[in-house]
Amino acid sequence: MEHPRPSPAQAPGRGAEVHPDLVSLLVAAAEAPPEWAALVTPQARLDGDLMLDECELATLAVLLRERFGAGADLAALRAGLDLAGLESLTVGALERALLPGRVSG
């Protein structure tokens, strides 16, 4: 899938507010270029801003479980959300729900 490109106004390193492993996993799941990591902020929506499709979300789910264990269950988190919740799911909400105690910053 074609992913949004960071604008010049987005300084590299903005994703530093997000756990670095989560940023790396999102970039890997999206098969995006490294500079795409600048878009991974706590406020970025997985669907609307990062434009992750279902295949990329499935890949992310596998990567999360491999890296953080069975408690990092993206599929279970998403199953508990209605359509509006799915559309508004942010990186920050994902991090808080799946990586409690590992949130950086």
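The values are calculated or read from the model by the stated rules, or taken from the named source; none is laboratory data. These figures come from a predicted structure and were not determined experimentally. Don't worry about glycine lacking a Cβ; one is built from the backbone with ideal geometry, like all the others, and counts go over all protein chains shown.
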Query raised in the report: How many residues, within segment 62-73, are modelled with pLDDT under 95 and within 18 Å of Met51 (Cβ to Cβ)?
Result: 0
Query - Failed item, numbered, when Leu99 is tested on (1) touching a His at 6+ places or on another chain (Cβ under 9 Å); (2) without any contact (Cβ under 8 Å) to a residue 40 or more places away in the chain - result: (2)
Requested in this report: Starting from segment 28-55, keep only residues that are surrounded by 15 or more Cβ atoms within 10 Å (Cβ to Cβ), then list their pairs with residues that are of a type in the set (Ser, Thr, Tyr) whose Cβ atoms are within a distance under 6 Å, requiring at least 6 positions of separation or different chains.
Outcome: Ala29/Thr59; Arg45/Thr90
**Report entry** Subset of segment 25-71 (residues that are assigned to a helix (DSSP H, G or I), under 13 Å from Glu95 (Cβ atoms) and under 11 Å from the mean Cα position of the chain (by Cα))
**Finding:** Leu25, Leu26, Leu60, Leu64
**Report entry** Of residues in segment 82-105 being in a loop (DSSP other than H, G, I, E, B) and either among the charged types (D, E, K, R) or at pLDDT 95 or above (or both), the one surrounded by the fewest Cβ atoms within 10 Å (Cβ to Cβ)
**Finding:** Asp82
